[in-house]
Amino acid sequence: MFLPTHDKQFGFWTLRRSGVANIAIAQQMGISRQAVSRALHLMDQRIESALREMAQANQIEIHAIHAGRGVLLGRSVPFNTTAIIFVSQKHGMQVWYEHDGDCGTCPRYTECIELLWDYAAELGVKIERTADPTAMAEELFTKVKEMM
């Protein structure tokens, strides 16, 4: 499912996810608190639907969904491992599988580090600076699971 990351409702959602209260979003945008609440409710439904569709497409058994955070935790049936799907304002929807990677030889090394840092920042989660994307992912996903 397509998520309109440049849509005004998605902007409200990212503000709320970063800790901004509905009343502050309403004041910032010059609209009513009720309008913000309705928009967030609709966006939560769209986010949850998109997460569920992504899980189904990737054969992930759902364990928990937090639409307000844009996170789905589950288990990949074909890979028999933990999977996490998350919504990122900068990177769109991502599926990650728990694994021990050989990050030093991977051509996506830099991309993974950037994505993990960006996602941690979007969630307001602090993770240790390291040169190992697998360790960063483990730390980030442990913290995300605690939020659920």
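Tabulated values for the structure
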| read-out | value |
| --- | --- |
| Given (1) touching a residue at least 60 places away in the same chain (Cβ under 8 Å); (2) loosely packed, with under 15 Cβ neighbours inside 10 Å, number of the condition R69 does not satisfy | (2) |
| Residues that are over 14 Å from V71 (Cα atoms) and touching a residue at least 40 places away in the same chain (Cβ under 8 Å), drawn from the range 19-51 | G19 |
| Extreme residue, nearest to H41 (Cα to Cα), among residues of the range 72-83 that are surrounded by fewer than 20 Cβ atoms within 10 Å (Cβ to Cβ) and hydrophobic (A, V, I, L, M, F, W, C) | V77 |
| Single residue of the range 100-128 satisfying the filter (β-branched (V, I, T) and assigned to a helix (DSSP H, G or I)) that is surrounded by the most Cβ atoms within 10 Å (Cβ to Cβ) | I113 |
| Condition check for E53: more than 19 Å from F141 (Cβ to Cβ), assigned to a helix (DSSP H, G or I) and touching a strand residue (DSSP E or B) at 6+ places or on another chain (Cβ under 8 Å) | no |
| Yes/no for R129 being among the basic types (K, R), over 20 Å from K8 (Cβ atoms) and in contact with a strand residue (DSSP E or B) (Cβ under 6 Å, 6 or more places away or on another chain) | no |
| Residues (exposed (fewer than 15 other Cβ atoms within 10 Å of the Cβ), among the polar types (S, T, N, Q) and either within 23 Å of the chain's Cα centre (by Cα) or in a loop (DSSP other than H, G, I, E, B) (or both)) located in the range 21-36 | S32 |
| Some residue of the range 60-68 being under 14 Å from the mean Cα position of the chain (by Cα), assigned to a helix (DSSP H, G or I) and under 30 Å from D132 (Cβ atoms) | no |
| Lone qualifier among G19, G74 - being under 27 Å from E111 (Cα atoms) and either among the charged types (D, E, K, R) or modelled with pLDDT under 95 (or both) | G19 |
| Unmet criterion (only one of (1) buried (at least 17 other Cβ atoms within 10 Å of the Cβ); (2) of a type in the set (A, V, I, L, M, F, W, C); (3) under 30 Å from I113 (Cβ atoms)) for A57 | (1) |
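The values are calculated or read from the model by the stated rules, or taken from the named source; none is laboratory data. Just so we're clear, the structure is a prediction, and the values are computed from it rather than from any experiment. Every residue, glycine among them, receives a Cβ derived from its backbone with ideal geometry; neighbour counts consider all protein chains shown.
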